[in-house]
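Q: My questions will all concern the structure given below.
The values are calculated or read from the model by the stated rules, or taken from the named source; none is laboratory data. Everything numeric here is computed off the predicted structure, so don't read it as measured data. Cβ sites come from the backbone with ideal geometry, for glycine too, and all protein chains shown count toward neighbours.
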Amino acid sequence: MKAIKITSPFHAEITEVPKPEITAPDDVIIRVTSGGICGSDIGIYNGTNSLATYPRLIGHEFGGIVEAVGPAVTGIEPGSQAAADPVLSCGKCYACRIGRHNVCRNLEVMGVHRDGGFAEYVKVPAKNVHLYHKKLDESLLGLAEPYTIGAEICKRAQIQAGDQVLIMGSGPIGICAMQVAKRQGAQVILSDLVKERLEKAKSMGADETVLVPEENLEERLEQFTDGEGIPVVVDTVCTPASLEDAVRLACPAGRIVCLGLKDQPSKICMADITKKELTIVGSRLNNNCFGEVIAGFEDGSLNPEQLMTKAYHYTDIMEALTMITEHPKDVLKLVLKFEG
Ligand SMILES: [Zn+2]
Ligand SMILES: [Zn+2]
């Protein structure tokens, strides 16, 4: 079968690899129909993803049609549409034992630490397979994973109906988090530097948007919250300065979700944390969020068809990578299609 391999930074190739076979009783083979290209795939391609090793079959956002299941698998029938959770954990470490397997000490993410789903077929443990119940366009089957990132953010922020949320950054993660927060009854204001990205967010349900270089974010937050200040801040911009902004902007008793993987420090004033008794939490990958996301796809509150900017045949991977690199403002999520 064919698969997309990054052999070393800046070297991507369509390669022939053995088709996976059932070897463990709980194996499931998925015929991949589509996958979403993520910033971290770009990072593996251009050598800036410090977690990746080479050569690597990339792709952690993928889905398709169940092709075959191992003898111990129940409830997953061949022919079903499915999404795959790329998070693999040990089940034994502290994080796993307390139900936080997405930060397992021995964490492996398909497409990053081990081979992923940008291939014609992929093998996934049954517990990582999540079925769609309503038929979805095959090009969208890989887009549950980016929404699970949004669902994890909302879980970590303990978002509840009526909460007011600032999401800094209107890229795919910001928009997925916005739609999940809206689904949970929150009011969401998004900020970004790019007008087109904010227009997209608005069309997908954001209550308000703030174009940062032209508008005063603090003033807009004052208006948005009737002078209360913003209780939840999600930082998808992920620079040292954006985390400083989040700590400054959050109101007393506020919650901040941090997503960045950079190792540069932020200058955060401890008094801001103490005096406001802020809760600052990290959010990584997803912890069993696929069920919620698939429910959102099926009730129409989450719109993967609007997240997808364009679909490419997988053999045009270089064209897709070029599009993302050269026109980042015009791209929300590119999809690779694997059928045929
Ligand atoms: Zn991703
Ligand atoms: Zn573990």
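Q: Does Asp137 satisfy being of a type in the set (D, E, K, R) and crowded, with 23+ Cβ neighbours inside 10 Å? Please lay out each step first, then the result.
A: On the way: of a type in the set (D, E, K, R): yes; crowded, with 23+ Cβ neighbours inside 10 Å: no.
Considered against the rule, which asks whether it is of a type in the set (D, E, K, R) and crowded, with 23+ Cβ neighbours inside 10 Å, Asp137 comes out as no.
Q: Out of (1) crowded, with 20+ Cβ neighbours inside 10 Å; (2) more than 15 Å from ligand 2 (Cβ to nearest atom), what's the single condition that is false for Leu131?
A: Only one criterion in (1) crowded, with 20+ Cβ neighbours inside 10 Å; (2) more than 15 Å from ligand 2 (Cβ to nearest atom) is unmet by Leu131, namely (1).
Q: Looking at the range 62-83, is at least one residue outside any strand (DSSP E or B), within 14 Å of ligand 1 (Cβ to nearest atom) and under 20 Å from Ile4 (Cα atoms)?
A: Step one: of the range 62-83, the residues outside any strand (DSSP E or B) are 70-80.
Filter again for within 14 Å of ligand 1 (Cβ to nearest atom), leaving none.
No: the range 62-83 contains no residue that is outside any strand (DSSP E or B), within 14 Å of ligand 1 (Cβ to nearest atom) and under 20 Å from Ile4 (Cα atoms).
Q: For the range 275-338, list the helices (runs of 4 or more DSSP H) that sit wholly inside it and hold at least 1 residues that are modelled with pLDDT under 95 and either touching a Pro at 6+ places or on another chain (Cβ under 8 Å) or surrounded by 13 or more Cβ atoms within 10 Å (Cβ to Cβ) (or both); which are they? Working first, answer last.
A: Numbers: elements: 290-299, 304-307, 317-326.
Hits in the range 275-338: 317-326.
Q: Which of the residues belonging to the range 147-196 are within 16 Å of ligand 1 (Cβ to nearest atom), buried (at least 23 other Cβ atoms within 10 Å of the Cβ) and of a type outside the set (A, V, I, L, M, F, W, C)?
A: Listed by number, the residues that qualify are Tyr147, Thr148, Gly150, Glu152, Gly169, Pro172, Gly174, Gln179.
Q: Any idea which residue in the range 32-48 is farthest from ligand 2 (Cβ to nearest atom), counting only those that are crowded, with 16+ Cβ neighbours inside 10 Å and assigned to a loop (DSSP other than H, G, I, E, B)?
A: If we take residues in the range 32-48 being crowded, with 16+ Cβ neighbours inside 10 Å and assigned to a loop (DSSP other than H, G, I, E, B), then Ile37 is farthest from ligand 2 (Cβ to nearest atom).
Q: Next up: Report whether or not Val122 is assigned to a strand (DSSP E or B), within 15 Å of ligand 1 (Cβ to nearest atom) and assigned by TED's automatic domain parsing to the domain that holds Glu61. Step through it out loud before you land on a result.
A: Values: assigned to a strand (DSSP E or B): yes; within 15 Å of ligand 1 (Cβ to nearest atom): no; assigned by TED's automatic domain parsing to the domain that holds Glu61: yes.
Criteria not met by Val122.
Q: Now a separate question. Out of the residues in the range 84-110 that are closer than 19 Å to Gly291 by Cα and surrounded by fewer than 16 Cβ atoms within 10 Å (Cβ to Cβ), state the one that is nearest to ligand 1 (Cβ to nearest atom).
A: The extreme case among them is Arg100.
Q: Give the number of residues within the range 76-126 that are away from ligand 2 (no atom under 15 Å from the Cβ), in contact with a Leu (Cβ under 8 Å, 6 or more places away or on another chain) and without any contact (Cβ under 8 Å) to a residue 24 or more places away in the chain.
A: Looking only at that region, the number is 0.
Q: If the requirement is being assigned to a loop (DSSP other than H, G, I, E, B) and either within 30 Å of Glu196 (Cβ to Cβ) or in contact with an Asp or Glu (Cβ under 8 Å, 6 or more places away or on another chain) (or both), which of these qualifies: Ile173, Ile167, Ile159? Quick ask: steps written out before the conclusion?
A: On the way: Ile173 fails: assigned to a loop (DSSP other than H, G, I, E, B); Ile167 fails: assigned to a loop (DSSP other than H, G, I, E, B).
From the options Ile173, Ile167, Ile159, the qualifying one is Ile159.
Yes or no, residue by residue, for (1) away from ligand 2 (no atom under 16 Å from the Cβ); (2) in contact (Cβ under 8 Å) with a residue 60 or more places away in the chain; (3) under 28 Å from Ala84 (Cα atoms); (4) of a type in the set (Gly, Ala, Ser):
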{"residue": "Ile149", "(1), (2), (3), (4)": "yes, yes, yes, no"}
{"residue": "Leu166", "(1), (2), (3), (4)": "yes, yes, no, no"}
{"residue": "Glu199", "(1), (2), (3), (4)": "yes, no, no, no"}
{"residue": "Val210", "(1), (2), (3), (4)": "yes, no, no, no"}
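Q: For the range 237-255, how many residues are free of Cβ contacts under 8 Å to residues at least 40 places away in the same chain and crowded, with 20+ Cβ neighbours inside 10 Å?
A: Quick first cut of the range 237-255, residues free of Cβ contacts under 8 Å to residues at least 40 places away in the same chain only: 239-241, 243-244, 247-248, 250-254.
From what's left, crowded, with 20+ Cβ neighbours inside 10 Å: 243, 247, 250, 254.
The total comes to 4.
Q: From the list Leu249, Leu261, which residue is modelled with pLDDT under 95, among the hydrophobic types (A, V, I, L, M, F, W, C) and either farther than 29 Å from Cys104 by Cα or within 20 Å of the chain's Cα centre (by Cα) (or both)? Show your work before the answer.
A: On the way: Leu249 fails: modelled with pLDDT under 95.
After ruling out the rest, the residue left standing is Leu261.
Q: Take Leu141 and decide whether it is assigned to a loop (DSSP other than H, G, I, E, B), within 28 Å of Gln184 (Cβ to Cβ) and at pLDDT 95 or above. Walk me through it before giving the result.
A: On the way: assigned to a loop (DSSP other than H, G, I, E, B): no; within 28 Å of Gln184 (Cβ to Cβ): yes; at pLDDT 95 or above: yes.
No: the conditions fail for Leu141.
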